[in-house]
1. Taking the highest mean first, how do the peptides 118-129, 174-185, 41-52, 56-67 order by number of other beta carbon atoms within 10 angstrom per residue?
2. With Cβ to Cβ distances under 15 Å as the rule, what net charge do the other residues near residue 199 carry (K, R +1; D, E -1)?
3. Hey, fewest Cβ within 10 Å first, where do 215, 86 land in order?
4. Straight-line reach from residue 134: which lysines have Cα under 20 Å away, leaving out those fewer than 8 places along the same chain?
5. Between the stretch 106-146 and the stretch 29-85, how many Å separate their Cα centres?
6. When the Karplus curve 6.51 cos²θ - 1.76 cosθ + 1.60 is applied with θ = phi - 60°, which whole-Hz ³J(HN,Hα) does each residue of the stretch 84-89 get, with x for Gly and Pro?
7. Sorted from largest down, give the three principal axis spans of the alpha carbons of the stretch 35-181, whole angstrom values.
8. Could you please report the charge total around residue 42, scoring K, R as +1 and D, E as -1 over all other residues with beta-carbon less than 13 angstrom from its beta-carbon?
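Derivation of every value follows stated rules applied to the coordinates shown; laboratory data play no part. What you are looking at is a predicted structure, and each value in this text was computed from that prediction instead of being measured. Note that we place each Cβ from the backbone using ideal geometry, even for glycine, and neighbour counts take in every protein chain shown.
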Amino acid sequence: MIRKKLLLLLFVLSLIGCTKDSTPSTKAPNLKTTGASASDLLSDDYYTSLHLEIAYVEGYKPSDQALSILSNFFQKRIYKPDGITMEMHSVASSGKSPFSIEEIADIEKKQRTKYNSGDEIVVWIYFADGKDEKDDNEKRTLGSAFRNTSIVIYEKSIKDFSNQIGAPPKEILEATTLEHEFCHLFGLVDLGAPLLSNHQDPENEHHCATAGCLMNAELEFGSGIADVINDSSVPDLKQACINDLRAAGGK
C-alpha cells in the first residue's frame, strides 16, 4: 500500500487518461494514489455528484456537527451541481490496533461497498477504534488520505486528544481532520494540484508552510494543533493553497 508520501512522478502517471467509469462493479478508478482524482473531486467536468460512504466502529461514530461543517466546506470549495450525499454504517472492530496503513487498506477491501458509478464519484471514510502504528509521545496521527478516494480517521486518537486540558472540542478536531485529509485528496500540497508558489513545508512533505493554514502538518499529526485551532473553529485554507485548489478545478 502506497501512502501519500510518494514521488510526484507516480501521481502524474496516475492522472493520465480519463478516470470516469460507468460500470458500478469496477473498483480500479478508486484504487489509485492519493491526489490522482483531484480534478475529478473538485470539478464537475466528469463527476457531477459526490457520495461519501462512512464506516465507523461502534462507539466511534463521527459527530453530526463535524459532518455538517464538512458539508459546508464542500459547498465552498468544490463543484458538484447534482449534489453531495452521505451514508453511514457501523462495522465490527478489526481488533488490529495500532494500525498499519496496509491493515486499513485491508479493512477497506472487506468493508467498502460503494465505488464510482456514472456521474457520481465516491469517497470511503473509515473511523477507526485505534491509532496509527507510527504514533509516539511527540506525534499522534489523527487521519490519513491513503488512496485517491480513501481516508482513515483515527477516531480513538481524536477522542483521547480532545480530553486533554486545553484541547479543541472533539467535533472541531473531527471536522479539521476531515477537511485536511480531503485537501490531500484534492491534490494539496503538491499531490496532483499545481503548486503555483513555493509554500510547501520543507520539513513536512505535502503540507503547507503558511502559518495558520488548514494544510499545516500540525493538523494531521496532533503536535501543536491547539496553536493552530485557537478559537474553537476549523482553520481556513490560506491563499496559496486556495490558488492551487482553484488551478486543479475547485472554487
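1. 174-185, 118-129, 41-52, 56-67
2. Net charge in that neighbourhood comes out at -4.
3. Arranged by neighbour count, lowest to highest, 215, 86 become 86, 215.
4. 4, 5, 96, 156, 159
5. The stretch 106-146 and the stretch 29-85 have Cα centres spaced 13 Å from each other.
6. 10, 10, 9, 9, 10, 8
7. Between the extreme Cα coordinates on each principal axis of the stretch 35-181 lie 44, 33, 25 Å.
8. Residues near residue 42 contribute +1 overall.
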